[in-house]
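Only the coordinates and a few stated rules stand behind these numbers; no lab work does. Since the structure is predicted, the reported quantities are computational estimates derived from the model, not experimental observations. Counting neighbours? That spans all protein chains shown, and the Cβs are built from the backbone with ideal geometry, glycine included.
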Amino acid sequence: AQSVTQPDIHITVSEGASLELRCNYSYGATPYLFWYVQSPGQGLQLLLKYFSGDTLVQGIKGFEAEFKRSQSSFNLRKPSVHWSDAAEYFCAVGAGNKLVFGAGTILRVKS
Amino acid sequence: DGGITQSPKYLFRKEGQNVTLSCEQNLNHDAMYWYRQDPGQGLRLIYYSQIVNDFQKGDIAEGYSVSREKKESFPLTVTSAQKNPTAFYLCASSILGLAGGRPDTQYFGPGTRLTVL
């Protein structure tokens, strides 16, 4: 069965520091992968997606993610975190006609 | 202004009552979805619909019902049979899908927080 694992429930980084959020997936074929962000009490906003082609994907708000088939990973990165990036981040894999979401990683930014 | 609207933002219900959550989209998307979100559990799919007058159960459909009478609307009813309905509910929509039935990007509404008193 398809699944997504986000190993880190919480991550705290200092403002201006780099960020990497981990995502591992289980899927039999070439996956379609997504990263979403959610501010408290709000809906989810798409940050970026990978369908095919270049394995390094650029998204909004300065985020990028790299698809590594050999590691079944799709980690999200940002070179310099801003206080406004504090939110919950979800990785998802496309499975059939549905999305399967990870449990999320809560990012805290300290000044 | 295209998007997905959910109403109300907050909803309170007494035990034993049914309640209906609204979801409307003007993106001309064929597919619509309902998710439940609980802390630390990510999003769990309740129901989805790919075409008017048709819908399928997701992973946690028990205690919920839906209808899809119009392309733009996909209301969710939380029935009294749902044992633990207090949660944050998210509606999403997408185009029907890419070639080969692969899913396309889902766009989310702002959510409805349901509290059972």
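A few comments on the model shown:
- Taking label positions 7 Å along the Cα-Cβ direction at both residue A:83 and residue A:46, the computed distance is 3.1 nm, reported to one decimal.
- Inter-part distance where the range A:1-71 and the range B:35-53 are each reduced to a Cα centre, Å: 20
- For chain B, the Cβ-based charge dipole about the Cα centre amounts to some 300 debye (Lys, Arg positive; Asp, Glu negative; other atoms uncharged).
- A Förster distance of 22 Å, applied to the separation of the beta-carbon atoms of residue B:117 and residue A:9, puts the FRET efficiency at 0.15.
- Within a straight-line Cα-Cα reach of under 17 Å, residue B:14 can be paired with the following lysines, leaving aside sequence neighbours fewer than 8 residues apart in one chain: B:83.
- Relative contact order for chain A: 38 percent, from Cα pairs under 8 Å spaced at least 6 residues apart, divided by residue count.
- Inter-label distance for residue B:81 and residue A:55, nm, one decimal - labels placed 7 Å from Cα along Cα-to-Cβ: 4.7
- A straight Cα-to-Cα reach below 23 Å connects residue A:68 with the lysines A:49, A:78, A:98, residues fewer than 8 places away in its own chain not being considered.
- Convex hull volume of chain B per residue (C-alpha atoms, cubic angstrom): 103
- Share antiparallel - DSSP beta bridges, chain A, percent rounded to 5: 85
- For chain B, the longest piece that avoids every one of the trypsin sites (Lys or Arg not before Pro) found in DSSP loops with at most 12 other C-beta atoms within 10 Å covers B:15-82.
- GNM result for chain B, Cα springs below 10 Å: residue of B:41, B:106, B:50 fluctuating most strongly: B:41
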